[in-house]
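Notes follow the structure.
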Amino acid sequence: KKLLSCTQLIHINMKIILLFALFIFTNVCFAQNKGTVKNPRIADLETTHYQKDSSAVAAYLYKECITRIFHSDDIPNQEGYKADLTHKYRLKIYKKEGVQYTRDSIILRINGNLNIDKVTHFVVTTYNLDNGKVIKSVLKEKDLIIDKSNKSYHILYYTAKDVSIGSIVDIQYSIRSPYLYNLHNWYFQSNIPTRSCFYHFSYPDFIDYNVVINGYAPLEQTTTTTPGQLNQYALIHQEFRGVNIPAFSIEPYIFSPLNYLGFLTFNLIGYREAHNVQQQVAYTWENVGQELLNSGCFGGRVMEGDFLEEDIANLVVGLEQPKEKSLAVYEHIQHKVTWNRILGLVNTATLQSIYKKGVGNVTDINLLLVSALKKAGLKAFPVLLSTRSHGLINPQKPSIRSFNYVVAGIEFEDETVHFLDATDPFGTLDLLPEYCLNGQALRLGTYSELIDLPSKKKEIESFVAKIALDEMGLATGTLKYVAKDYAAYQLRQDWQEAGNQLRFFKRLELDNKKLLIQSGSVKYIEENNKAVELDLSIRLKSCYQLGPKTASFTPVYMGNLEENPFEASTRTYPIHFSLPKKKSVLLTIEIPKGYSVKTLPQSEIVLLPNKAGQFSYSASIIGEAVQIAYSFKLNTTYLPSTMYSYLQAFYDAILRKRGEPILFKKD
């Protein structure tokens, strides 16, 4: 509603501007660009593969969109400025799997005030070559299938006619839209390559747009200005050109593809009235926060905590430290209310009702947590975030739609900010689910602002093992495994899924194929604030080879790292690891009776640039045993693609050292 009122404001205020000359100029330009495209070349119809990527099942020979903002009075009482978007795409099919790209849809936004998107032109033409003759099949607007089931938009489905391997399909349509504040993104990159792309965006110079290029495929951008007649109100022309845009492909260690895919976004910043008075239209992050806080179904809910007063008072009695109070309240809500697995920013009922029913969505539960924390005298506030699959927040485009998740934030007396998520049965202070750790978040309050959402805790593992090698060729011993923070979090998830200790141990064996757990104990698995400790009696399989004169033992370092996860020769996108990590392994291996050490693996240290990571390995003889110290640290979750070769070498070194044996000789 806020956005719609902004558009109406533009319509009302711009009536006072003398724009007749501009109106004629713009519509003449528009008419000149309504022509149809030329028929495809015979050479393109005969081509059997895409030159830049022979594996492509289809390719866009070109993608084009012309968008013009102009004054329109085509609907009585609805005159004003609108956008005309003319799309022209040419698609070549190389393999049968490419036919799917000739089936697509168009989304038209609607509302009850006749402010609707309108299709003004539509045609899809299929070209096939038959004995040297070009055959055309045409799909027209009357052939569209329209889905009107949603009150906010209609979906127009189309399927090109007579498509087969070798076909070329031209898709052309135009949309007239009143939604100047919310122009659709334009995707110049997709799952298939694009030979060339072009976007032209023209608008009066009294309107201020910010166009952002997303992704890693390069575009050439130019901006020019043409004066209107009588020197009244120039037109701004922004053009974006690209050639040989590769197909988008998923690389290991990325989050949402939307963070890397190539597309344009359009943000209406404001406009200039008569006398050069600038009016702001675009949201700010503070606007986003205030709109939610002023909503009775969001910010108003946080103030409904009176029913919690007695329960919370009993919880925090005798507790002095803010951390103690916050954890007591958090654990109460965490166990009191169950998450129904629904995301979004919609509150479904009063907090008292949620508290009583014991079930709610992510907004219900964490607003309840914020309210309860406030009743404990803590400085608590809602925090909005975008989960990893939802994509990164664009700081330049404030919008409520940027977010799909809510957590609780707390500021302690030392001004440190901490986070809690009561939907998560395995969470604790600053231990949010991994999918929540996605760059920035919006802190709501008197002055709502974007804040960093850092990974305050790591995945920390420690292994201490003592292994005996006997004359029967068996490797047996003890293992103490301590998992902290996110490593403990993962073990708690595994424990719940397993259901009992025996099946839990079987899961550990599946993750460590050379490990056989004979017996053991598990401590603190139910206490989220503590590290999990495992004390195990173990046997190691397929790692000890005993011969008449020699023997070899290849140590087991736990974990399933069997190959380099970065095998590709090149890397396009940055690397995003889920979490910072720290792993240490201390192995003490008894020298077999009657044998001495012939060869030990050499010690080695490998560093990533900028202290991003470190791997160290050392082997030494201490008395009647060999001791191996193995340490792995990953200090950052983000590495630019320029560090890819270093990362490859880093993992190559780890794998090489993991595979090096200790050699023994018979005395």
Checklist entry - Taking residue 201 and the conditions (1) within 30 Å of the chain's Cα centre (by Cα); (2) under 27 Å from residue 217 (Cβ atoms); (3) part of a loop (DSSP other than H, G, I, E, B), which numbered condition does it fall short on, given that it satisfies the others? => result (3)
Item to check | So residue 166, is it of a type outside the set (Ser, Thr, Tyr) and on the phi > 0 side of the Ramachandran plot | outcome: yes
Next on the checklist: Could you check the range 141-153 and list, in sequence order, the residues that are touching a residue at least 40 places away in the same chain (Cβ under 8 Å) and in contact with a strand residue (DSSP E or B) (Cβ under 6 Å, 6 or more places away or on another chain)?
Outcome noted: 153
Checklist entry - Does residue 393 qualify as being without any contact (Cβ under 8 Å) to a residue 60 or more places away in the chain, assigned to a loop (DSSP other than H, G, I, E, B) and not small (Gly, Ala, Ser)? => result yes
Next on the checklist: Conditions first: (1) outside any strand (DSSP E or B); (2) in contact with a Gly (Cβ under 6 Å, 6 or more places away or on another chain). Residue 383 passes all but one, so which condition is the exception?
Outcome noted: (1)
Checklist outcome for this item: Checked 596, 603, 578 against criteria (over 20 Å from residue 253 (Cβ atoms), in contact (Cβ under 8 Å) with a residue 60 or more places away in the chain and polar (S, T, N, Q)); the one match is 596
Checklist entry - So residue 228 fits all but one of (1) on the phi < 0 side of the Ramachandran plot; (2) modelled with pLDDT of 90 or more; what number is the exception? => result (2)
Checklist entry - For the subset of the range 523-533 comprising residues that are in contact with a Phe, Trp or Tyr (Cβ under 7 Å, 6 or more places away or on another chain) and over 16 Å from residue 457 (Cβ atoms), which member is surrounded by the fewest Cβ atoms within 10 Å (Cβ to Cβ)? => result 533
Item to check | Evaluation of residue 658 against (1) within 17 Å of residue 463 (Cα to Cα); (2) free of Cβ contacts under 8 Å to residues at least 24 places away in the same chain (one fails), failing number | outcome: (2)
Checklist entry - Filtering the range 286-314 down to residues that are outside any helix (DSSP H, G or I) and in contact (Cβ under 8 Å) with a residue 12 or more places away in the chain, which residue is surrounded by the fewest Cβ atoms within 10 Å (Cβ to Cβ)? => result 303
Checklist entry - If we keep just the residues of the range 616-638 that are assigned to a strand (DSSP E or B) and free of Cβ contacts under 8 Å to residues at least 40 places away in the same chain, which is surrounded by the fewest Cβ atoms within 10 Å (Cβ to Cβ)? => result 622
Next on the checklist: Tell me yes or no: at least one residue of the range 549-557 is crowded, with 19+ Cβ neighbours inside 10 Å, touching a Ser or Thr at 6+ places or on another chain (Cβ under 9 Å) and at pLDDT 95 or above.
Outcome noted: no
Item to check | Looking only at the range 386-410, and only at residues there that are farther than 24 Å from residue 181 by Cα and more than 9 Å from the chain's Cα centre (by Cα), the one that is surrounded by the fewest Cβ atoms within 10 Å (Cβ to Cβ) | outcome: 409
Item to check | Residue satisfying condition, being over 30 Å from residue 237 (Cα atoms) and buried (at least 20 other Cβ atoms within 10 Å of the Cβ), within set 69, 135, 146, 93 | outcome: 93
Item to check | Single residue of 479, 444 found to be touching a strand residue (DSSP E or B) at 6+ places or on another chain (Cβ under 9 Å) and either surrounded by fewer than 21 Cβ atoms within 10 Å (Cβ to Cβ) or not assigned by TED's automatic domain parsing to the domain that holds residue 552 (or both) | outcome: 444
Item to check | Among the residues listed as 537, 542, 519, the single one being loosely packed, with under 13 Cβ neighbours inside 10 Å, at pLDDT 95 or above and more than 27 Å from residue 611 (Cβ to Cβ) | outcome: 519
Item to check | Tally, over the range 61-72, of residues that are closer than 19 Å to residue 207 by Cα and either modelled with pLDDT of 85 or more or out of contact with any helix residue (DSSP H, G or I) (no Cβ under 7 Å at 6 or more places or on another chain) (or both) | outcome: 6
Next on the checklist: Step by step: first the residues of the range 455-476, then only those that are buried (at least 22 other Cβ atoms within 10 Å of the Cβ) and of a type in the set (Asp, Glu), then the one that is farthest from the chain's Cα centre (by Cα). Which residue is that?
Outcome noted: 461
Checklist outcome for this item: Taking the range 287-337 and keeping residues under 11 Å from residue 373 (Cα atoms) and β-branched (Val, Ile, Thr) leaves 302, 312, 316, 329, 333
Item to check | Among the candidates 138, 123, residue that is touching a residue at least 12 places away in the same chain (Cβ under 8 Å) and out of contact with any Ser or Thr (no Cβ under 7 Å at 6 or more places or on another chain) | outcome: 123
Next on the checklist: Condition first: among the aliphatic types (A, V, I, L, M), over 30 Å from residue 284 (Cα atoms) and part of a helix (DSSP H, G or I). Can you find one or more residues in the range 360-376 that meet it?
Outcome noted: no
Checklist outcome for this item: residue 282 passes all but one of the listed conditions (1) at pLDDT below 95; (2) under 30 Å from residue 639 (Cβ atoms); (3) buried (at least 16 other Cβ atoms within 10 Å of the Cβ); (4) not aromatic (Phe, Trp, Tyr); the exception is number (2)
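The values are calculated or read from the model by the stated rules, or taken from the named source; none is laboratory data. From a predicted model like this one, the values you see are computed outputs, not experimental measurements. All Cβ positions, glycine included, derive from the backbone under ideal geometry; neighbour counts span all protein chains shown.
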